[in-house]
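Everything below concerns the one structure shown next.
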Amino acid sequence: MTGKYETDFENAWCPGCGNFGILNAVTMALEATGREKHEIVLVSGIGQAAKLPHSVDVNVFNGLHGRALPAAAAIKMANPGLTVIVTSGDGDIYGEGGNHFLHNIRRNVDIALFVHDNQVYGLTKGQPSPTANAGWTGSLQRAGVISGPFPPLAVALALGCGFVARGYAADPAFTSDLMLQAIRFPGFALVDILQPCVTFNRKNTYQWYGKMVHKLPPDHDVTDRGKAMTLALEWEERIPLGVLYRKEKPTFEQLHPQVPGLPLGERETPEEAVRALLRRRQAVPG
Amino acid sequence: MGIDINIRVTGGAGQGVHTVSNLIMRMVAGAGYRFHVTQDYVSRIRGGRNAQGIRIGSEPVRAGREEADVLLALNPDLLPDYLPDVGEGGFALADVPSADPPLFRAPLKEMAVQAGSPILANVAGTGAIACALGIPLETADAVFASDFKGDFVEKNRAALRLGADWAKENLPEKIRERFRLPPRSHSRPIILSGNEALALGAIAGGCKFAAGYPMTPGTGILSVLANEGPSVGLVFEQAEDEIAALTMAIGASYTGARTIVATSGGGFALMVEALSLAGMMETPVVIVVAMRPGPATGMPTRTEQGDLEFVLSAGHGEFPRLVLTPGSPEEAFELAQRAMDLAEEFQVPVFLLTDQYLADTVVDIDPENLVVRPLRRHIVRGDSIPRTQQGKYLRHAYTESGISPMAVPGEPGITVVVDSDEHTEDGHLSEDHATRIRMVEKRLRKGVTLAGKTIPPLFTGPPNGDLVLIGFGSTKEVIEETRRILAREGRNVATVHLRQVWPFPAEEIAGIVPRFGAALTVENNARGQLARVIRSECGVRIDGTVSRYDGLPFTPAALARDVRRRI
């Protein structure tokens, strides 16, 4: 890759991996923000997707599997001036990190979440992720997946997520635009990105997606949550791409009385303030 | 010996046991006396009943006592359990149909109703005790005014006075004579529980971010941080689980904030993977583990020191850590400040290992004993950020001390890269074996540097003698009072209180133990975990452990009995 955020990091992605398209989309979106590299933090967990931040010359927090969201939320709380973006895999965000996914949507910190959704754990060589369809046979599920798939967009909508969108790794320009909208959205913004896995997912291939996906028409009403929910659950016949739902509401940073102001690391602790807290506990003479 | 009066208040949940102890201690402080308040002290296990001990003295009081001088039984059903603990010359009050000394029939319910609310039986009982102690009832007015609203203030005042009037008429003069506290000048101490002291110490240490998931007995710390932290710009967030709590703290710390999390053993078990992350990313963080009896849910509201070895070894992989073990609310205030500072200086996780006993113990502290240390920041900013010839900042630069200058995101011209994978100096993941060796050694060098700055143990007593008692954390004051009891019997006993258990102060302990005929550890656990650590770290002989693991703290008299049996 080239451009403002180029690094010489060698990722270990398979040729043809959807992550390349997603990386392209991310860097295009970052360029479009006009933000400098020191103003951006990319946060990820563990997995092939989670290595993406190493290929972008910005601040990077590549944490533990499933735990990208709490780290990202706190980074934003500690310095709301930073642009904080999570980019990680479906197993990472929806499986291991499922609880954080639920509660960070509720928390509504102004961060953008890009999920590389390929329905498979690639780094551990081919087990189904939570979004895998029932019946899918993985290396640990010879008889096929029994659990039903996790519907990320529907769950996000149910929890009141203010920005819910779906992108497609094979269309970086389109996905990049969704990412830019998500970054600019004031609040928690989800972009689930359909990502063919050329090595382990023989069903949901570029050809298969090519037949299934359709972009939402320009007249789609992004404020209609009911309609968005119907679209979010579409999968068997056709799969909608684009912004399903968008509605602003106050962010965590706006509502939390102590977050606005200087970054936490730059705040002073005057001795007198500490003394005042101690004095509140001073015995009163009888 | 000066004044030493021990009051026990017992009752069922919701009967206001805590209100009584809170009132009495603040009235006692208002009258110029010193006190120590803690939960249930008695030696028998008594299910879900609440009891508090308020021990009053003319000099600072730092431990409880099993024998009670005064018993207020808000639930008379509990009398068979508690009355036997009332000592010679003491008295007990309960709302019973009839009674013989030392028990007196106090019509608490009737007085409460007369005052305006049946729930004020506890306050009427408090009034009776205040009368016996001769404490002016006005000392309670400020407490009522700050704790209650509307006509409830007046009702409380009335109940207190009805109780006092009853005592004046019904308690024998001899009893009131015995317990009367002579008038005393007032010193205005600061009243702090272990949890409050620790949280305020963290605030004084520059803490600006705290996250937590409620868990007894650590919740009290979160409560102070959430409610009083805002006055210094601290952000508190209740996390969805403990995994998130510590991960959030690490995220905020990466961004430059001083951070703390507080939990108990079970919550810490969930934090362990993030602990390892802090070790790998070299992110400062302070972790409070307020121990309670385990395994699993154990006894949620009781005390134990059973997680020492867990905290020392928690986390996959090898990385340095610091474990501080405050022995009193004053020490909690001091060590919490130092923990915030040391975490940032060494970029390591720092533990404050306490327990339910210390968390809930309330004492009065002279203001001059609460030192607010000047803040030193260790984060590099602007031009002082070292850069390579290519202008890059290396978050994990190799250094002699193992400590790499820490910059935070937002500095123009540089990026800060951290990874849970093994990484090169610039923070990007690496599978290179030579890099691995250098990074392992760099991280461990921080541990060596850290070991050179150990907070030394406190030694008290003769330089050599028959016995040395060694403890860590909350047992400090009980062991010290036990030493004084034994010294009065002519026994040559010394004590060692460990304020830091990791890096272990091996040199100091190895220098002390051989000077004594015998060495015992005193531990609120069953397996003598400190003794094991001392043996493995110093190679010195430890003759045994005085253990207690019924869920209750040690008391000086009982500990003295146990020690006598061992020597």
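Looking at A:THR199, is it under 26 Å from A:PRO250 (Cα atoms), polar (S, T, N, Q) and out of contact with any Pro (no Cβ under 7 Å at 6 or more places or on another chain)?
Against the criterion (under 26 Å from A:PRO250 (Cα atoms), polar (S, T, N, Q) and out of contact with any Pro (no Cβ under 7 Å at 6 or more places or on another chain)), A:THR199 does not qualify.
From the set of residues in the stretch B:240-274 that are surrounded by fewer than 24 Cβ atoms within 10 Å (Cβ to Cβ) and more than 22 Å from the chain's Cα centre (by Cα), which is farthest from B:GLY194 (Cα to Cα)?
Result: B:GLU273.
What pairs can you find where one residue is in the stretch B:9-24 and not assigned by TED's automatic domain parsing to the domain that holds B:LEU83, the other is at pLDDT 95 or above and part of a helix (DSSP H, G or I), and their Cβ atoms are less than 8 Å apart, with a gap of 6+ or different chains?
Note: no pairs meet the criteria.
Go through the stretch A:151-184 and count every residue that is over 16 Å from A:VAL26 (Cβ atoms) and hydrophobic (A, V, I, L, M, F, W, C).
Going through the stretch A:151-184 one residue at a time, the tally reaches 10.
Residue under question is B:LEU275, and the condition is that it be closer than 24 Å to B:MET439 by Cα, within 12 Å of chain A (Cβ to nearest Cβ) and at pLDDT 95 or above; does it hold?
yes
Within the bounds of the stretch B:341-354, is there any residue that is farther than 22 Å from B:LYS442 by Cα, in contact (Cβ under 8 Å) with a residue 40 or more places away in the chain, crowded, with 24+ Cβ neighbours inside 10 Å and not polar (S, T, N, Q)?
Yes.
Go through the residues of the stretch B:427-436 one by one and say whether even a single one is within 11 Å of another protein chain (Cβ to nearest Cβ) and under 25 Å from B:GLU330 (Cβ atoms).
No: zero hits.
Tally the residues that are surrounded by fewer than 21 Cβ atoms within 10 Å (Cβ to Cβ) and within 10 Å of another protein chain (Cβ to nearest Cβ), restricting the search to the stretch B:194-225.
0
Is there any pair linking a residue in the stretch B:85-104 that is in a strand (DSSP E or B) to one that is among the acidic types (Asp, Glu), with Cβ under 7 Å and at least six apart or on different chains, and which?
B:GLY87/B:GLU67; B:GLY87/B:ASP69; B:GLY90/B:ASP69
Which members of the stretch B:171-193 meet the condition of being in contact with a Leu (Cβ under 8 Å, 6 or more places away or on another chain) and either basic (Lys, Arg) or facing chain A (nearest Cβ under 10 Å) (or both)?
Once the filter is applied, which keeps residues that are in contact with a Leu (Cβ under 8 Å, 6 or more places away or on another chain) and either basic (Lys, Arg) or facing chain A (nearest Cβ under 10 Å) (or both), the stretch B:171-193 yields B:ARG180, B:ILE190, B:LEU192.
Kindly evaluate A:GLU31 against the criterion of being more than 9 Å from chain B (Cβ to nearest Cβ), free of Cβ contacts under 8 Å to residues at least 24 places away in the same chain and either within 18 Å of B:ASP421 (Cβ to Cβ) or not in a loop (DSSP other than H, G, I, E, B) (or both).
No, not satisfied.
Could you check how many residues of the stretch A:53-75 are assigned to a loop (DSSP other than H, G, I, E, B) and not charged (D, E, K, R)?
Number satisfying all stated conditions: 5.
Just to be sure I understand, how many residues within the stretch A:243-286 are closer than 15 Å to B:CYS207 by Cβ and either of a type in the set (Lys, Arg) or in a helix (DSSP H, G or I) (or both)?
The number of residues fulfilling the criteria is 8.
Would you be able to say whether some residue in the stretch B:163-182 is under 14 Å from B:LEU108 (Cα atoms), free of Cβ contacts under 8 Å to residues at least 60 places away in the same chain, out of contact with any His (no Cβ under 9 Å at 6 or more places or on another chain) and not small (Gly, Ala, Ser)?
yes
So which of B:ALA159, B:ALA140, B:ALA145 ends up being under 30 Å from B:PRO118 (Cβ atoms), surrounded by 23 or more Cβ atoms within 10 Å (Cβ to Cβ) and at pLDDT below 95?
Within the list B:ALA159, B:ALA140, B:ALA145, the selection yields B:ALA140.
Under the condition of being surrounded by 13 or more Cβ atoms within 10 Å (Cβ to Cβ), among the basic types (Lys, Arg) and facing chain B (nearest Cβ under 8 Å), which residue from the stretch A:227-279 is nearest to B:HIS186 (Cα to Cα)?
A:ARG275
Anything in the stretch B:226-239 that is within 9 Å of B:CYS207 (Cα to Cα), within 21 Å of the chain's Cα centre (by Cα) and at the interface with chain A (Cβ under 7 Å from one of its Cβ atoms)? List them, or say none.
Within the stretch B:226-239, no residue meets the criteria.
Would you say B:MET291 is away from every other protein chain (no Cβ under 12 Å) and under 30 Å from B:ILE190 (Cα atoms)?
yes
Under 9 Å between Cβ atoms, at least 6 apart or on separate chains: pull out the pairs that start in the stretch A:93-122 with a residue that is farther than 24 Å from A:ARG202 by Cβ and facing another protein chain (nearest Cβ under 10 Å) and end on any residue that is among the aromatic types (Phe, Trp, Tyr) and assigned to a loop (DSSP other than H, G, I, E, B).
As it stands, the answer is A:ASN104/A:PHE188; A:ARG106/A:PHE188; A:ARG107/A:PHE188; A:VAL109/A:PHE188, since those pairs meet every condition given.
Taking the options A:ASN201, A:ASN133, name whichever one is in a loop (DSSP other than H, G, I, E, B), in contact (Cβ under 8 Å) with a residue 40 or more places away in the chain and in contact with a strand residue (DSSP E or B) (Cβ under 6 Å, 6 or more places away or on another chain).
A:ASN201
The values are calculated or read from the model by the stated rules, or taken from the named source; none is laboratory data. This is a predicted model, so every value here is computed, not measured. With ideal geometry, Cβ positions are generated from the backbone for all residues, glycine too; neighbour counts draw on all protein chains shown.
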